[in-house]
Amino acid sequence: MVTESPIDSDVPAVLHRPGFARLWTATTFSALADGLYLTVLPLIALNLTRSPTLVSGIRFAQSLAGFAIGLLAGVLVDRFNRKYLTMNANLIRGTCMLALAVTAGSGTLSLPMLYAAAFLIGLAETVTDTAEQALVPMVVDKERLSRANSLVYGTQTVLNDFVGAPLGAALLGAATAVALAAPAGLYLAAVVVLLPLRGRFTARHRTATRSSVMADVREGVKVLWRDRTLLRIALFQSCSQFANMAFFSVFVVFAVGSSSSLRLSAFGYSLLITAAAVGAVIGSACADQVIGRLSGRTILLAMTGGLALCFAAPAAFADPFTVGAALAVSGFVTAVGGIFTVSFRQSVAHESLLGRVTAGSRLLSLAARPLGALAGGTIAQLASPRFLFVLLALVMAGMVPLVWRVTAMLPTSSAAGH
């Protein structure tokens, strides 16, 4: 007789929890909407202008919104009902996309409208991402946090990286208004799915005294600063984001074109980049089992080594298959490491502080991304992309002793961290 392992049976057990099932379904709708709008808005901008700077303004407006409201989003999540925050944020995103669809249908769509919509969507997205992470421990038992986060992460990766981009391009080929209305409908569907969700979704606070917003922001920063484990993990994540952005900001120059090192076409490059997403999907599917068997130290050390391998491979080999394999390994360990850090933070931070601790950690990573892209482009311009890749690989290898010290306070078994 074949018996089902406890880990395998945990998947339906998590999905059969009505609260998590609704949250996961709403996340599925919003993740597909994200994949669509992130593809559609820059392509629409490209039809309005051929300036690379003006087209990149879409992503800049979205990223700027994350910085503008990052810490405040944590305060909102810790003060108010997290379910209603998520619903209202999705309602704002859906309304923005619907307004763009109506404007496109009337033929009056303009770049400033796209920038304004991207900024408002970025504000709402920051609140949604923070609130959803804080909601998971409220609808899932602590021992199933890693499985729940694996399902959410895997779903988001598949819909953002595999489904959203081609579907968005196909819808845009049909009609601009249709391509804008589709994500609007998905965001609004996420609101409807969460509406019947029952339970307590406002954090319990240790004291009944309500402090000012700035005092709440300072408290969240202070908690993250004083908890050396959470702070060091957040800093490690931001360093990883910095290195990743430095790498991928110039990797396209290294890989695409007849004069490049890999001599790939644009289509070949898209397939090569997909290898990292495939690794991330596999990693998210296996994360619960890996986290249950390995220590937090081993997981983060493997993430460091996997990133070093990813950065070193194109510098050492001119074979796209070898480079693709390294990208897949990098995607796998990054997914497992990311899911572990989210689950660990959810399990150790008090629910009245989880929103602010999550927002502070995310803000460090958000700040690292543009800095990494700027540093990567500058170094590659002054030296060469290959020099940058070697430098990044050496930096990640040099981080191994630091990661060893950072993880000294983690549980010897990461399962104990649940």
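The values are calculated or read from the model by the stated rules, or taken from the named source; none is laboratory data. Keep in mind that what you see is a predicted model, and the values were worked out from it rather than measured. Cβ: placed from backbone, ideal geometry, glycine included. Neighbour counts: every protein chain shown.
Of all residues in the stretch 78-101, none satisfies being farther than 25 Å from residue 196 by Cβ, among the hydroxyl-bearing types (Ser, Thr, Tyr) and at pLDDT 90 or above. Among the conditions (1) within 29 Å of residue 72 (Cβ to Cβ); (2) surrounded by fewer than 24 Cβ atoms within 10 Å (Cβ to Cβ), residue 126 misses just one, which is (2). Considering the stretch 281-335, and only residues there that are more than 17 Å from residue 390 (Cα to Cα), among the hydroxyl-bearing types (Ser, Thr, Tyr) and over 18 Å from the mean Cα position of the chain (by Cα), the residue that is surrounded by the fewest Cβ atoms within 10 Å (Cβ to Cβ) turns out to be 298. Taken over the stretch 253-308, the criterion of being farther than 27 Å from residue 405 by Cβ, of a type outside the set (A, V, I, L, M, F, W, C) and part of a loop (DSSP other than H, G, I, E, B) is satisfied by 257, 258, 259, 260, 261, 263, 265.
When residue 50 is tested against the conditions (1) crowded, with 21+ Cβ neighbours inside 10 Å; (2) outside any helix (DSSP H, G or I), the lone failure is (1).
Filtering the stretch 342-388 to residues that are surrounded by 23 or more Cβ atoms within 10 Å (Cβ to Cβ) and either within 22 Å of residue 311 (Cβ to Cβ) or without any contact (Cβ under 8 Å) to a residue 40 or more places away in the chain (or both) leaves 372, 376, 385, 388. Can you find a residue that is free of Cβ contacts under 8 Å to residues at least 24 places away in the same chain and either in a helix (DSSP H, G or I) or in contact with a Lys or Arg (Cβ under 8 Å, 6 or more places away or on another chain) (or both) anywhere in the stretch 160-167? Within the stretch 160-167, one or more residues are free of Cβ contacts under 8 Å to residues at least 24 places away in the same chain and either in a helix (DSSP H, G or I) or in contact with a Lys or Arg (Cβ under 8 Å, 6 or more places away or on another chain) (or both).
The set of residues from the stretch 97-113 being in contact with a helix residue (DSSP H, G or I) (Cβ under 8 Å, 6 or more places away or on another chain), in a helix (DSSP H, G or I) and surrounded by fewer than 23 Cβ atoms within 10 Å (Cβ to Cβ) comprises 98, 99, 101, 102, 103, 104, 105, 111, 113. Please identify the pairs in which a residue from the stretch 133-152 that is outside any helix (DSSP H, G or I) has its Cβ atom under 7 Å from the Cβ atom of a residue that is at pLDDT 80 or above and surrounded by 23 or more Cβ atoms within 10 Å (Cβ to Cβ), counting only partners at least 6 apart or on another chain. These pairs meet every condition: 140/20; 140/148.
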